[in-house]
């Protein structure tokens, strides 16, 4: 315990200074959310590269939580579905149901090139299509994988902070 | 010292004594057990000191200091050394460099992993033992009710819990801790009942306890050499078969 | 007797062994420093006899004066010898003399087999006299707290003797021995503390509230409830050291692992010394509570122990463990005698302590020779001892016959005395089952020993089968022990005064 | 007195309802800072509640009144507890009913309602969460009752107002072994009852470790807002209870308004202090595995029992 306490004191604050607000400004739906967005991650068939970056976005350095975003365990609690990967055949219906389970107003954020246009996996026999082919997408985050900063910026347009 | 403060301090020290016995049952980490034992020894010394100040018997303060040094200092130190001998020792050659893990301590040696009676059940047993001590101590309290003798059940409860630890634990060090808890309980009973036994007896008893712990320390080392550990479950070669 | 004389007589049994222990401890350090290679001196081997000789001489001198002139005290009543302690001192001295006379032979054998070296031998010579000193202190101390300290000291001193071989089994035995005995005897200390509390509340001063004569004289004023709790704890605690149920588990392990002469001491006199402390408390409790309480307690413990030891004797396959369980059987017979408690029965019980001590010493020492000869402690692997080594077979067989309680050995007389007194004292309900159990143990012990001693010699070609002669030096203490045991059985002679004085003390009148 | 008394009751309820989310936000903020993060700010739970109230209410198919009523019941029982307890003043119109056993029963009612709601959803997680919650509750309730019994022995009453007033008049009482043991037992019980580490992790997303979260997975929108508000209020009330039993000084015993104001400030400070301690401790502790929770709770039960026993046999003249 003493060791941990010393480490906490030595480490101090890890979170980087908040960058300026992202350019396009908050989405219209952000006003209704009022600075709070619960996020449910949905892996529709990702290679897990994007999951690692999402994890980093919520880690101490980028600290997406300071803008009011928080990961939750249930789509019922969520305002934002963070969808990654090309949608595989088996995940198409679960994705549709998950988005349907979210209470309105709800947003879908597609994270990564695969989610936007199937990327490397386009035309694969198991791939149903991009996220937009299955559910309506509100925010797009390109990159393979996208940088945590980009994910945080996308989430900031949702929370409006 | 006013009578109120005296009672308060005495009760507080007794409470710490009992609490330490409970924590000994609760904790599995052997290093923590040893630390708790030191606290218990300090509480015991505090009981003696409070009694000494209250009754204005300055000899008792000397006894208290001795008890404190032995039970909060020397005995825990010996036990810590017995624990620390785990990683080194001539009888126990270090493993080849290729197999040496970054975790120098063998976890199974540092903890009571599988007590004979699981912790939840032993805590409930401790509750029953406390009630038993309370029932058994009623004639003792009735003989001469003072704030000190009213706390006698605490001493008996610590004795019973110590005995239970002795029976229900499989690690050699945990058994020694149980033995010392038992002994702390007896000494506490002696202090609470009659302000301690005569100094010559107290001296002899302390000396015996110290020697007993030393002997057990040596035996622990030998046990590691012979069995490769201090799991008392390994001690099952002698039986009537 | 002048104060100087009495001080000298009471100090010698403790101080001479302690001095011997200190001298050997120095030699042990030196031998350990030199790597255990330095050769031993013949002189130091036999010098070990000095300590038991001192005990015996003091005991004999005291025995001449105490029955007629009353208890002797020294150092402001810190040490005190009455009939009971002198009788026990005699037993300790005699048994220790036999055991230590057998020691050089035992150590020579161990050294020849490579089990020990000079350092080990010196350690043995240092620890055994210390053990004797602790026992004598337990017998001579007038303060019950000091008695407790001395008895706990015996545990600590003998721990390394039990674990002398560093093998897995001896470490196991030593651990169990120290933990069970220390914890058990800690209960006895709790009992002592409670009696002290009762005495202080009865108005006894702090200095004399643990002094046995004072306590015995003023026991009628002790609070009964507190004394009852204290006595129960004392029976449990000192019973642990005496090999009585429920804290007996250390006894067979320790006795089977210790060196044979130490086993003899630990089995022959150590339980008896602990039991003597119990008897002292019994005197106090009997006055404070009436005889019924301690009687019920002791009878119950004795019967349980007897049940257990008889059952385990029936199934026993190891002869050293067999002898250990036989000790438990005899201790429970003695405890039964103490439960009956009339003066005649108490003298029978004290005689039983002496006879058992002598016979068990011979049995354990000869079992050491058997172990060296055959290299095993399994009963099944030892056959035809008498044919191979007539002297050893005869001594071992006779020792067991003595333990079985056959005439002319003294155990016959004492057992008959206890049984007769039990029926006369209205304890038939306890004596009858005890008798049945003793017979059961008798059958088991007799049958197994018969198989070991009698029969044709083992087929040739196995190690250790050559005809074996015990040798005069090794045989002398064994024969002496048997003769002494038989002599006690036929006539007490000058000892009868001492025995009746001791019995009068323990009977509480 | 009655006027100030009514004000006190109202102020307590307002402080608890308004302050509970802030307390939650504060604890998260403390945690974030210790973990090297910036944190979302103290007001974040209120933002969450505001947003959830604006959102659509979803009632899953097949659920009945148990599901719909549970959030209301949770908040209502906790609000009643907040009104009853002498958090700021021991002399209120309802302090006569502030029985500790009643308080415990009201809190248990909320727990049971939520567990029933979890069962009502018919999902695997709901049932699992409910069963775990009830396992823990079954072990916590006797502990709380025993601890309460222990602190009530010296007073001779289980009325909270009487206990706290008694402690203010006998300042040595919480330092007695019985008092210390009872408060320690209560602290463990509070952790379990409020679903904090090491019994339950309020920030978990792992199905295997969820207890409270698993029961409320199906709630959305305003219902979820009530559930979150309810659990935050429970934590605030329990910490307030612990604070006023361990250190009742400052609680108003008379009927003057300035004293009441001071008491409210002290209440907020005490609760915030306990919250800070708890949040800091949560950084150091790990959640124990579910099968080890009984071990922890058996320990706290033992502490409570020892407290009772100690208050019987360690009663010197100072306490009586």
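Here are some notes:
- The set of residues from the range D:279-292 being surrounded by fewer than 22 Cβ atoms within 10 Å (Cβ to Cβ) and assigned to a helix (DSSP H, G or I) comprises D:280, D:281, D:282, D:283, D:284, D:290, D:291, D:292.
- Residue selected from the range B:224-240 under the condition within 10 Å of chain C (Cβ to nearest Cβ) and in a helix (DSSP H, G or I), by the criterion farthest from residue C:167 (Cα to Cα): B:232
- Residues being at the interface with chain D (Cβ under 9 Å from one of its Cβ atoms) and in contact (Cβ under 8 Å) with a residue 40 or more places away in the chain - total across the range B:16-45: 4
- Selection from the range B:41-65 of residues that are more than 22 Å from residue B:21 (Cβ to Cβ) and part of a helix (DSSP H, G or I): B:52, B:53, B:54, B:55, B:58, B:59, B:60, B:61, B:62, B:65
Residues are listed down the side, and each one gets a yes or a no for (1) within 14 Å of chain A (Cβ to nearest Cβ); (2) farther than 25 Å from residue D:114 by Cα; (3) in contact with a strand residue (DSSP E or B) (Cβ under 8 Å, 6 or more places away or on another chain):
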{"position": "D:191", "(1), (2), (3)": "no, no, no"}
{"position": "D:216", "(1), (2), (3)": "yes, no, no"}
{"position": "D:221", "(1), (2), (3)": "yes, no, no"}
{"position": "D:228", "(1), (2), (3)": "yes, no, no"}
{"position": "D:235", "(1), (2), (3)": "no, no, no"}
{"position": "D:238", "(1), (2), (3)": "no, no, no"}
{"position": "D:248", "(1), (2), (3)": "no, yes, no"}
{"position": "D:267", "(1), (2), (3)": "no, yes, no"}
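- Only one of C:343, C:408 that is surrounded by fewer than 22 Cβ atoms within 10 Å (Cβ to Cβ) and either modelled with pLDDT of 90 or more or under 25 Å from residue C:270 (Cβ atoms) (or both): C:343
Yes/no matrix, rows are residues, columns are (1) modelled with pLDDT under 90; (2) surrounded by fewer than 24 Cβ atoms within 10 Å (Cβ to Cβ); (3) more than 23 Å from residue C:87 (Cβ to Cβ):
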site	(1), (2), (3)
C:135	no, no, no
C:138	no, no, no
C:148	no, no, no
C:165	yes, yes, yes
C:177	no, no, yes
C:183	no, yes, yes
C:186	no, no, yes
C:199	no, no, yes
C:202	no, yes, yes
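- Conditions (1) within 7 Å of another protein chain (Cβ to nearest Cβ); (2) under 18 Å from the mean Cα position of the chain (by Cα): number failed by residue C:177: (1)
- Residue check, residue C:101 crowded, with 24+ Cβ neighbours inside 10 Å and assigned to a helix (DSSP H, G or I): no
- Residue within the range D:50-64 that is more than 14 Å from chain A (Cβ to nearest Cβ) and either in contact with a helix residue (DSSP H, G or I) (Cβ under 8 Å, 6 or more places away or on another chain) or buried (at least 21 other Cβ atoms within 10 Å of the Cβ) (or both) present: yes
- In the range C:423-442, the residues that are touching a residue at least 40 places away in the same chain (Cβ under 8 Å) and closer than 21 Å to residue C:327 by Cα: C:430, C:431, C:433, C:434, C:437, C:438, C:440, C:441
- Condition met for residue D:20 (buried (at least 18 other Cβ atoms within 10 Å of the Cβ) and either away from chain A (no Cβ under 13 Å) or part of a helix (DSSP H, G or I) (or both)): yes
- Positions within the range B:131-154 being touching a residue at least 60 places away in the same chain (Cβ under 8 Å) and part of a helix (DSSP H, G or I), in sequence order: B:147, B:148, B:154
- Of the residues contained in the range B:190-201, none is found to be more than 13 Å from chain C (Cβ to nearest Cβ), assigned to a loop (DSSP other than H, G, I, E, B) and free of Cβ contacts under 8 Å to residues at least 24 places away in the same chain.
- Residues that are over 17 Å from the mean Cα position of the chain (by Cα) and facing chain D (nearest Cβ under 9 Å) were ranked within the range B:109-131; the one that is surrounded by the fewest Cβ atoms within 10 Å (Cβ to Cβ) is B:118.
- Residue check for residue A:30: within 20 Å of residue D:44 (Cα to Cα), over 13 Å from the mean Cα position of the chain (by Cα) and part of a loop (DSSP other than H, G, I, E, B): no
- Unique residue being closer than 20 Å to residue B:140 by Cβ and in a loop (DSSP other than H, G, I, E, B) when the list is C:243, C:237, C:230, C:203: C:203
- Of all residues in the range C:295-305, none are away from chain B (no Cβ under 14 Å), crowded, with 24+ Cβ neighbours inside 10 Å and over 17 Å from residue C:432 (Cα atoms).
- Test result for residue D:275, more than 9 Å from chain B (Cβ to nearest Cβ) and at pLDDT below 90: no
- Within the option set C:425, C:455, C:446, being surrounded by fewer than 23 Cβ atoms within 10 Å (Cβ to Cβ) and at pLDDT 90 or above holds for one residue only, C:446.
- Candidates in the range B:206-218 are the residues that are surrounded by fewer than 24 Cβ atoms within 10 Å (Cβ to Cβ) and without any contact (Cβ under 8 Å) to a residue 40 or more places away in the chain; of these, the one that is farthest from residue C:146 (Cα to Cα) is B:218.
- Selected residue (only one of B:187, B:221 is more than 30 Å from residue C:205 (Cβ to Cβ) and more than 8 Å from chain C (Cβ to nearest Cβ)): B:221
- Set side by side, the residues D:222, D:198 differ, and just one is farther than 19 Å from residue D:141 by Cα and touching a helix residue (DSSP H, G or I) at 6+ places or on another chain (Cβ under 9 Å), which is D:222.
- Condition check for residue A:41 on (1) buried (at least 24 other Cβ atoms within 10 Å of the Cβ); (2) in a strand (DSSP E or B): one failure, at (1).
- Count of the range A:60-81 residues which are farther than 25 Å from residue D:227 by Cα and either touching a residue at least 60 places away in the same chain (Cβ under 8 Å) or surrounded by 24 or more Cβ atoms within 10 Å (Cβ to Cβ) (or both): 3
- Residue in the range A:4-23 that is surrounded by fewer than 11 Cβ atoms within 10 Å (Cβ to Cβ), over 16 Å from the mean Cα position of the chain (by Cα) and touching a residue at least 24 places away in the same chain (Cβ under 8 Å) present: no
- Answer residue from the range B:163-175, given it is more than 8 Å from chain C (Cβ to nearest Cβ) and assigned to a helix (DSSP H, G or I) and is farthest from residue C:221 (Cα to Cα) among those: B:173
- Restricted to the range D:254-265, and to residues there that are in contact with a helix residue (DSSP H, G or I) (Cβ under 9 Å, 6 or more places away or on another chain) and surrounded by fewer than 17 Cβ atoms within 10 Å (Cβ to Cβ), the residue that is nearest to residue D:114 (Cα to Cα) is D:261.
The values are calculated or read from the model by the stated rules, or taken from the named source; none is laboratory data. All values derive from a computational prediction rather than experimental measurement. Cβ: placed from backbone, ideal geometry, glycine included. Neighbour counts: every protein chain shown.
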